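Each remark here refers to the structure printed beneath this line.
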Amino acid sequence: MHELKLEYRNKSALGGLFIYAFSTVFVTYLSVSRSPPSDLLSTFIWIAVLFISINAAGKGFLQEQKERMLYYYSLVKPTSFILGKIFYTSLLVGVIAMLVNGIFILLFDSNIEAPIWYAVALLLGGAGFAATITFISAIAMSASGNFTLVSVLSFPVLLPFLVTQVKFSKLCIAGFDSVLALKYAGILILLNLLVWALAYLLFPYLWRD
Amino acid sequence: MKWWKVLAIVLMLYSIIGGFLIDVPRLPILHETIRNTYFHVTLWFAMMILMTISIVNSIRYLSSGDKKHDYLANETVNIGLFFGVLGLTTGMIWAQFTWGAFWVNDVKTNGTAITLLVYFAYAVLRGSVDDPQKKARLGAVYSIFAYVMLILFLWILPRITDSLHPGNGGNPAFGSYDMDNTMRMVFYPAIIGFFLLGWWLVTLRIRLKNIQDKLVEDV
C-alpha cells in the first residue's frame with residue numbers, strides 16, 4: 001500500500017512512463033505498414049512490454065536511498081518487504097502491459113479471438129515479469145547500484161516467460177485451442193510459483209547491507 | 001600425483017583413442033558422426049555434474065559463510081561454462097554435417113544458449129562487485145537462480161517439446177536401445193574422464209586463488 005502512495009507522489013515519472021509506452025508502440029506502428037500476422041503482433045507487444053517493464057520496474061530498488069532502506073529494515077520482515085515490492089511491481093507491469101496491448105490493438109485494429117484467455121495470459125505474464133525484475137533489481141542494487149546490470153542479469157532469466165507468453169498470446173489472437181491454452185497457462189503458473197518462491201526464500205540473504 | 005589424476009589421464013587417453021578407432025554401429029543420418037557422442041554428450045554430463053556441485057556449495061555458502069564453499073561454487077561454474085562452450089562447439093560442428101547448418105532452431109540448442117547466457121551473467125555479476133563477501137553472497141543467490149533455469153531449459157523444456165536431437169521425435173538415437181555395448185564401453189569412461197579433468201582444473205584454480213589470498217594477506 002505504502003509503495004503505491006510513494007510512486008503516486010512522483011506523478012511525472014508515471015506520466016513519463018505512459019509517454020514512453022506510447023512512443024514505443026507508435027514507432028513500431030509507423031515502421032510496420034500493414035497489420036502484422038498474429039505471431040509477429042504478439043512478439044512486438046511482449047518485447048515492448050519487456051523493455052518498458054525493465055526500465056520502469058528495474059529501478060524499483062535502485063531509487064531507494066540507503067537511509068530509507070535502513071528504516072524499512074528496522075520496521076518489517078524481509079519476506080513481507082519483498083512480497084510487497086513484488087505486488088506493487090506486478091501492478092505497475094500490469095498497467096504497462098494493458099497500456100501497450102491497448103495501443104497496439106487499437107492502432108493495428110486487430111481482433112482477439114479469446115479475450116478472457118488473453119487477459120489471463122497478460123496477468124500471469126505480467127506477474128512473472130514483475131517478480132523476476134524486482135528480485136534481480138534487488139541483486140543489482142546490492143551489487144553496485146548500476147542499472148545496466150539489471151538488464152544483463154534479467155534478460156536470460158526472463159526468457160522462459162517471454163517465450164511462453166508470446167506463444168500464448170498468439171494462440172489467443174488467432175487459432176484458439178483450449179487444450180494448448182491450458183498447457184501454456186499451466187507453464188506460466190509453474191514459472192510464477194518458481195520465481196516467487198525463489199525470491200521469497202533468497203531475499204533475506206540480500207537484505208543485510 | 002594423486003590416483004584420480006592418473007585415472008583422469010588414462011580415461012581421457014582411452015576415450016580419445018577408443019572414441020576414434022573402435023567400431024561404431026551404422027545408423028541412418030548419423031553414420032560416423034555418431035562418434036561425437038563420446039565428446040559432445042559426455043561434455044554435457046560432466047558440465048551437469050560440475051554445475052550440481054556448484055549449486056550445492058552455493059547453498060552451503062549461504063548457510064555457513066565459509067570462503068571455501070564460495071570458491072568451490074565459483075570455480076565449478078567457471079569450468080562448467082568452459083565445458084558448456086566446448087559442448088556447444090562440438091555440437092555445432094556435428095550439426096553442420098548432419099542437419100546441414102551450424103545453428104538450427106532446436107529446443108535443446110536454444111535452451112543451451114540461454115543457460116550459458118545466464119551463467120555468463122553470473123560471471124558478470126561477480127565481476128562487478130569488489131567486496132569479496134558481498135560478491136560471494138550475491139553470486140550464491142544468483143547461481144541458485146541460474147541452476148533452476150538450467151534444469152528448466154535442459155531437462156524440462158526438451159521433454160515437453162519435440163527436438164531434432166537424436167533420440168527425440170523418432171530420430172536415431174545415441175540413447176538407450178541404439179547404443180550398443182561397445183559404445184557404452186567408451187561412453188561411460190569418457191564421462192568420468194571429463195569430470196575428473198574438470199575437477200582437476202577446479203582444484204588448480206582454487207589453489208591459485210588461495211595463493212593469491214595469501215599474497216594479499218602478507219602485504
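Tabulated data for the structure shown
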| quantity | calculated |
| --- | --- |
| Net charge dipole size for chain B [Lys, Arg +1 and Asp, Glu -1 on Cβ; Debye, nearest 20] | 440 |
| Square roots of five times the Cα gyration tensor eigenvalues for chain A, Å | 31, 19, 14 |
| Over the range B:180-219 - Rg/Rh using Cα atoms and the Kirkwood inverse-distance radius | 1.42 |
| Efficiency of FRET between A:ASP39 and B:ILE93 - r from beta-carbon atoms, R0 35 angstrom, step 0.05 | 0.65 |
| Carbon plus sulfur fraction of accessible area for the range A:2-207, probe 1.4 Å, in percent | 70 |
| Cα-centre dipole for chain A with unit charges at Cβ (Lys and Arg positive, Asp and Glu negative), debye to 20 | 380 |
| Under 16 Å from B:LYS209, Cα to Cα: lysines that are on another chain or at least 8 residues apart | B:LYS67, B:LYS68, B:LYS135 |
| Solvent-accessible area per residue, Å², over the range A:2-207 with all protein chains present [probe radius 1.4 Å] | 46 |
| Normalised per residue, the volume of the convex hull around the Cα set of chain B (Å³) | 134 |
| Contact order relative to length of chain A, as percent, for alpha carbon pairs under 8 angstrom and 6 or more apart | 30 |
| FRET efficiency, 1/(1 + (r/R0)^6) with R0 35 Å, evaluated for A:ALA119 and A:LYS77 via beta carbons | 0.60 |
| For B:PHE45, solvent-accessible area (1.4 Å; no DNA, RNA or ligand), Å² | 90 |
| Against the rule of thumb 2.2 N^0.38 Å, how large the Cα Rg of the protein assembly as shown comes out | 1.10 |
| Average beta carbon contacts from partner chains per residue of B:124-133, 10 Å cutoff | 3 |
| Chains B and A, summed buried accessible surface - 1.4 Å probe, Å², nearest 100 | 2100 |
| Gaussian network model of chain B, springs between alpha carbon atoms under 10 Å - residue of B:ASP70, B:ASP131, B:ASP106 with greatest fluctuation | B:ASP131 |
| Sequence-separation-based contact order of the range B:3-218, relative, with Cα cut under 8 Å and 6+ spacing, percent | 34 |
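The values are calculated or read from the model by the stated rules, or taken from the named source; none is laboratory data. Given the structure is predicted, the values throughout are model-derived calculations rather than measurements. Positions of Cβ are generated from backbone atoms using ideal geometry, with glycine treated the same way; all protein chains shown enter the neighbour counts. These area figures cover heavy atoms from the full protein model, side chains too; ligands, DNA and RNA do not enter into them. Shrake-Rupley method; radii C 1.70, N 1.55, O 1.52, S 1.80 Å.
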